[in-house]
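Everything below concerns the one structure shown next.
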Amino acid sequence: MVVNILKNHIKSIDKNQLQLLIELLLKKGYIVYGPTIRDSAIVYDEVNGLGDLPVGWTDIQDSGVYRLERRDDEAVFGYNVGPHSWKKFLHPPHLRLWEASRKNGSIKVTPQEELIKKIAFIGVRSCELHAIAIQDKVFNSQHFQDRDYLGRRENALFIAVNCAQAGGTCFCVSMQTGPKVTSDFDLSLTEIINDGPHRFVVEAASEQGQALLESINHSKASDTDRQVAEAVIENTKQQMGREMDINGIKSLLQNNLEHSRWDDVASRCLSCANCTMVCPTCFCTTVEDVTDLTGDHAERWRHWDSCFSQDFSYIHGGNIRHSTKSRYRQWMTHKLANWIDQFDTSGCVGCGRCITWCPVGIDITEEVHAIRTNNITGEDKK
């Protein structure tokens, strides 16, 4: 696990040192994951150098809208977030839990023992670090520990990036989750491209991060570098494409379960589950048993699931959420209200993915605003 920020470890590196940093991680045995372009989107995948990163590209996002465009500079991290989150590496979409074989009348059950390698994430945003911290509470609670998640989490190194621009659907400022990274990282980068040479202000927040920084060429960040880096972050705060008033949101939603807005949004929702699949904090899963044709080999797999699927709420012979209205209401009230009861935190980090990747452009910030504007109970305090 990473630790809190180390004081007086703010340096400056040039763009070429980023390539050396990736090479250093590979030499140390890390699998390096970062942003790369595939299928006309910026996705997280294995990278081996600076050339794999989306240099000179940005993304345009709005409700139900996503497209890539060329920038007029060579920014390395000049985009926001795509359809993938780091969750897919820590909490995989498909995971075999065990396998069983029958031979000569006896059955042998073998739990899945994965060799969890060292992994390094580069380009992690503040909202995403907060999402990982939320999943830490889910998978490492007093009553339940997911050993696979914890194994991956403890072997992960985080190179974060302070956002230099906000997307059309971002609202991390409202959720107090960004755009500046503040904890739970090893190194953080602030990219500076319009004030002097292309460089990064780097902050070390762990002993591992400090050791990596000492292994590449760097210089002490000047007062000017620090001021420019802070100005970059402050400018991003003013660019938020969305905002959400979270004052008293828990009781607001819990006291408005029969609000007419649920019918309105249900008339538009396709129950496609895109919002839950792209969400960096959703954790619902299902379990599936499969066998071969002979019946001598069986496996149990865990797959991501969604509260929008018909089968997810099938309990004791019946589906308790048979309507789109009930499923959307479950998702939104759990995310923004009931999650607080369970984990003492909101389940939303303001990344805006659910807005961007909704085919019909349903906007969670708009839905909260509509309920707050016509609050049928008059109660919205915690």
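Summary of computed values
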| quantity | calculated |
| --- | --- |
| Calculated from backbone phi, Karplus (6.51, -1.76, 1.60) coupling profile of region 289-304 in Hz, x at Gly/Pro | 9, 10, 9, 7, 5, 7, x, 8, 9, 9, 9, 10, 10, 10, 10, 4 |
| For region 166-181, Karplus couplings with θ = phi - 60° (6.51, -1.76, 1.60), whole Hz, Gly/Pro x | 9, x, x, 10, 6, 8, 5, 4, 4, 8, 6, 10, x, x, 8, 6 |
| Between region 175-189 and region 271-335, the Cα center-to-center distance that results, in Å | 31 Å |
| Solvent-accessible area of T190 with every protein chain in place, 1.4 Å probe, in Å² to the nearest 10 | 10 Å² |
| Hydrodynamic radius of region 181-237 per Kirkwood, over alpha carbon pairs, in Å | 12.1 Å |
| Region 220-284, accessible area per residue, ligands and nucleic acids excluded (1.4 Å, Å²) | 49 Å² |
| Relative packing of 315-328, 29-42, which averages over residues the other C-beta atoms within 10 Å, highest first | 29-42, 315-328 |
| Integer Hz, Karplus 6.51/-1.76/1.60 couplings in order for region 352-363, x for Gly and Pro | x, 4, 5, 6, 4, 9, 7, x, 10, x, 5, 10 |
| Charge context of A298, other residues only, Cβ under 10 angstrom, K/R +1, D/E -1 | -3 |
| Spherically averaged projected area in nm², based on the convex hull that wraps the Cα atoms of region 150-275 | 11.9 nm² |
| Subset of K87/K325; K137/K250; K87/K118; K237/K325 violating a 24 Å alpha-carbon distance limit | K87/K325; K237/K325 |
| For region 107-206, the spread of Cα positions along each principal axis, largest first, Å | 67, 29, 25 |
| Rounded FRET efficiency, nearest 0.05, which uses the C-beta distance separating H322 from S251 and R0 of 22 Å | 0.25 |
| Residue-span extension gain [H297 to H94] - 0.36 nm each, minus C-alpha spacing | 71.2 nm |
| Rg in Å to one decimal, and Dmax rounded to a whole Å, for region 330-369 via C-alpha atoms | 10.7, 31 |
| Portion, in percent, of the accessible area of region 43-137 that falls on carbon or sulfur, probe 1.4 Å | 50 percent |
| R0 of 45 Å, Cβ-Cβ distance R67-N155: FRET efficiency to nearest 0.05 | 0.80 |
| 18 Å Cα-Cα reach of K220 towards lysines, excluding residues that sit fewer than 8 places from it in its own chain | K7, K11, K15 |
| Helix-derived mean residue ellipticity, 222 nm - over the chain, DSSP H n ≥ 4, -39500 (n - 2.57), to 500 | -8000 deg cm²/dmol |
| Under 5 Å, built H, 5+ apart or other chain: amide partners of H9 | A204 |
| Stretch gain in nm, segment R147-E243, where the contour uses 0.36 nm per residue and the Cα spacing is subtracted | 30.9 nm |
| Two-decimal ratio, the chain, of alpha-carbon radius of gyration to 2.2 N^0.38 Å | 1.06 |
| Virtual spin-label span in nm between N374 and E207, 7 Å along Cα→Cβ | 5.9 nm |
| Candidates Q227, Q310, Q165: whichever shows maximal mean-square fluctuation once the chain is modelled as a Gaussian network with Cα springs under 10 Å | Q227 |
| Carbon plus sulfur fraction of accessible area for region 242-361, probe 1.4 Å, in percent | 51 percent |
| Area projected by the alpha carbon convex hull of region 1-123, averaged over all directions, nm² | 12.5 nm² |
| Theoretical gain in end-to-end length, H198 to S183 [0.36 nm per residue, Cα-Cα removed] | 2.9 nm |
| Accessible area expressed per residue, region 4-128, with surrounding protein chains retained (probe 1.4 Å, Å²) | 48 Å² |
| Region 153-276 - percent relative contact order, Cα under 8 Å, separation 6 or more | 31 percent |
| Charge context of L18, other residues only, Cβ under 14 angstrom, K/R +1, D/E -1 | -2 |
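The values are calculated or read from the model by the stated rules, or taken from the named source; none is laboratory data. The model shown is predicted, which means the values in this text are computed figures rather than measured ones. Because the Cβ atoms are built from the backbone with ideal geometry, glycine has one as well, and the counts that use them run over all protein chains shown. Surface areas here come from the heavy atoms of the whole protein model, side chains and all, with no ligands, DNA or RNA. Shrake-Rupley method; radii C 1.70, N 1.55, O 1.52, S 1.80 Å.
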